[in-house]
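Each reported figure results from applying straightforward, stated rules to the coordinates on display, with no laboratory input. Here the structure is a predicted model, which is why all the values come from computation and not from measurement. As a convention, Cβ positions derive from the backbone with ideal geometry for all residues, glycine included, and neighbour counts pool all protein chains shown.
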Amino acid sequence: MRHIPLLTIGGGIGGMTTALALAQAGFDAHIVEQAPEFAEIGAGIQLAPNALRILDSLGVLDAVNEVAVRPRNLVFLHADTGKHLTTIDFGTPFRERYGQSYSVLHRGDLLDVLLAACREHPKVTLENNRQVVDIEEHGTTAVVHFADGESYRTDALIGADGLKSRARQLLSDDKPVTDAYVAYRGALPMDQVDLPVEQDDEIIWVGPDRHLVQYPIRRGELYNQVAVFRSPSYRPEIEHTDRWGGPDELTEAFATSCVQVRESVKMFNTSRRWPMYDREPLDNWTRGRVTLLGDAAHPMFQYLAQGACQAIEDADCLARQLVKHSGDIDEAFAAYQAERIPRTALVQRVARGWGQVWHAHNDTPLSALRDRVFGRRSPDDFTDLDWLYQSLAV
Ligand SMILES: Cc1cc2nc3c(=O)[nH]c(=O)nc-3n(C[C@H](O)[C@H](O)[C@H](O)COP(=O)(O)OP(=O)(O)OC[C@H]3O[C@@H](n4cnc5c(N)ncnc54)[C@H](O)[C@@H]3O)c2cc1C
């Protein structure tokens, strides 16, 4: 049986960043990915300063910047009335406070940057068509079994295998949790976007049970949109079918929105939809030589745009702890989860709450409070962002 010292399952943003961070810390890093190619879906992703600082330290920020867009502002508008709610200015004060700006880019472009850096690094090895079907944990080693019947033995297994993680099943029998929201997303060539879009801004339209996110990606060549709404037909018994959240519900969900939102929603390719899931935070995600990372460890709703950013933080933390503990896996895994669980659990919980704030019904105390708090802050008031983006001043 082949022996791999450090083995990562999953070549998504989390796994790929982990391989790069481990390699740069001096460890051999091997990824097994079930898909025939390393790929991401054709939509955008937002990266906040907490992730960008790590990508900078990994030496890939210049490559990210070549394909990303750095929006001037994040503007919140009401989806029904079009009323301005608040603006976050990503200009100089923001950059000085957090050491980085805010970037939005195509997911495929981000993965390509990470993949290229991994391929160039002599300590990273990558394998596709490797689906893990079973994992045995034996205290000081773990054995991974693949769908093709082969097996690898490893001293340290990192499950970066996403929301439906196989590795997580070793630690918990919990299930993904949906709140009946479904997302449609995709990127259009900018010259096909027949909307009065503000190309320098990211815009989030929030309203009752729905929101729409819009921003340019790929150097401004594409326009990314994500429309999310609560499906009225969701029932637990039809959760794993496509009988809820269909395209007819998309149009209906935004029917009372302002004209710009309605016109934007018409431009979606509705052939694919993504039901939204998170999970309850775990208080332990390590067993023997198996640990979890990214969505496998702490899947979260996307309202804070932090799922991938937290996976990037995980990768950095794991590599740091392995160095700090001179490669002692048991100590490093324990220190890694001790550092990461409180933070990621908080982000998971706040993301849930943030969704409720966005989706508050009109004329309720929550929407009134939201609009008042939003309305009172100035664009360069970052007080409530420090905990997440980690102000360098605190
Ligand atoms: C609508 C939406 C918008 C979002 N927007 C943002 C955002 O703006 N910013 C942000 O930071 N985050 C965002 N997120 C969250 C982000 O997409 C995820 O947190 C992130 O992609 C997780 O990365 P990961 O590598 O942990 O998992 P994944 O991307 O799921 O990767 C897991 C990998 O493991 C592989 N795999 C799974 N099982 C096996 C197996 N058994 N054997 C081998 N390989 C396996 C999969 O094929 C996959 O390649 C958003 C999420 C959604 C749904």
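In this structure the amide hydrogen of Arg279, modeled in the peptide plane, comes within under 5 Å of the amide hydrogens of Val177, none closer than 5 places in sequence on its chain. Between segment 168-192 and segment 72-145, what's the alpha-carbon centroid distance in Å? Centre-to-centre (Cα) distance: 15 Å. In terms of the mean number of neighbouring beta-carbon atoms within 10 Å, the peptides 216-227, 265-276 order highest first as 216-227, 265-276.
Given a Förster distance of 56 angstrom, what is the FRET efficiency for Thr383 paired with Val143, based on the Cβ-Cβ distance and rounded to 0.05?
The value I calculate is 0.70.
The residues neighbouring Glu137, those whose beta-carbon lies less than 13 Å from its own, together hold a net charge of +1 under the Lys/Arg +1, Asp/Glu -1 convention.
Over the chain, calculate the relative contact order: mean separation of alpha carbon pairs under 8 Å at least 6 apart, over the residue count, as a percent.
Result for the chain is 23 percent.
Please work out the FRET efficiency for the pair Arg372 and Glu198, using the Cβ-Cβ distance as r and a Förster radius of 25 Å; give the result to the nearest 0.05. E(calc), rounded to 0.05, equals 0.50.
Can you count the Lys pairs in the chain whose Cα atoms are under 29 Å apart, with each pair 8 or more apart or on different chains?
Numbers: Lys83/Lys266; Lys123/Lys164; Lys123/Lys324; Lys164/Lys175.
Eligible lysine pairs with Cα atoms under 29 Å apart amount to 4.
About the centre of its Cα atoms, segment 319-394 shows a dipole size close to 180 debye [charges on the beta carbon of Lys, Arg (+1) and Asp, Glu (-1) only; nearest 20 debye]. Specify which residue in the list Gly42, Pro93, Ala23 is farthest towards the positive end of the charge dipole of segment 1-127, using unit charges on the beta carbon of Lys, Arg (+1) and Asp, Glu (-1), about the Cα centre. Highest projection toward the positive end goes to Pro93. Available extension along the chain between Ser326 and Met1 is 114.4 nm, counting 0.36 nm per residue and deducting the alpha carbon span. Take the Cα of Asp179, step 7 Å toward its Cβ, do the same at Asp89, and the gap between the two points is 3.1 nm. Of the residues Tyr277, Gly186, Pro236, the one whose Cα sits farthest towards the positive end of the charge dipole of segment 141-280 is Pro236 (charges of +1 on Lys and Arg Cβ, -1 on Asp and Glu Cβ, taken about the Cα centre).
Counting each DSSP H run of 4 or more residues in the chain as -39500 (n - 2.57), what helix-only mean residue ellipticity at 222 nm follows after dividing by all residues, to the nearest 500 deg cm²/dmol? All intermediate terms of the calculation are to be shown ahead of the outcome.
Values: 11 runs with 128 residues, N = 394.
Only helices count here, giving -10000 deg cm²/dmol.
Per the Debye formula on identical point scatterers at the alpha carbon atoms of segment 296-345, with no solvent, log10 I(q)/I(0) at q = 0.21, 0.24 Å⁻¹ is -0.70, -0.84.
Selection among Leu58, Ala335, Phe301 by position relative to the dipole of the chain gives Phe301 as farthest towards the positive end (Cβ unit charges, Cα centre). Seen through its C-alpha gyration tensor, with square-root eigenvalues sorted a ≥ b ≥ c, segment 1-47 comes out oblate because a/c lies at 1.5 or above while a/b is not bigger than b/c. Model label sites at Asp62 and Thr364, defined 7 Å from Cα along the beta-carbon direction, differ in position by 5.0 nm. The distance between label points at Arg262 and Glu120 comes to 5.0 nm (points 7 Å beyond Cα on the Cα→Cβ vector).
Couplings for segment 203-217, taken from phi via the Karplus curve 6.51 cos²θ - 1.76 cosθ + 1.60 with θ = phi - 60°, read 10, 10, 9, 10, x, x, 6, 7, 7, 9, 10, 9, 7, x, 9 Hz in order; Gly and Pro are left as x.
Per the Debye calculation on segment 263-371 with a single equal scatterer at every Cα and no solvent contribution, log₁₀ I(q)/I(0) for q = 0.14 Å⁻¹ amounts to -0.68.
Computed over segment 1-142, relative contact order equals 35 percent, with contacts defined as Cα pairs under 8 Å that lie 6+ residues apart.
Computed over segment 149-221, relative contact order equals 18 percent, with contacts defined as Cα pairs under 8 Å that lie 6+ residues apart. Remark: segment 151-166, residue by residue, has Karplus-estimated 3J(HN,Hα) of 9, 10, 9, 9, 7, 8, 10, 10, x, 10, 9, x, 3, 9, 3, 6 Hz, where x stands for each Gly or Pro and the curve is 6.51 cos²θ - 1.76 cosθ + 1.60 at θ = phi - 60°.
Rounded to the nearest 20 debye, the dipole size of the chain about its Cα centre is 420 debye, using +1 on the Cβ of Lys and Arg and -1 on the Cβ of Asp and Glu.
Per residue Cα convex hull volume for the chain, in cubic angstrom? Don't jump to the answer; show the numbers that get you there.
On the way: hull volume 55.2 nm³, N = 394.
Once divided by residue count, the hull of the chain is 140 Å³.
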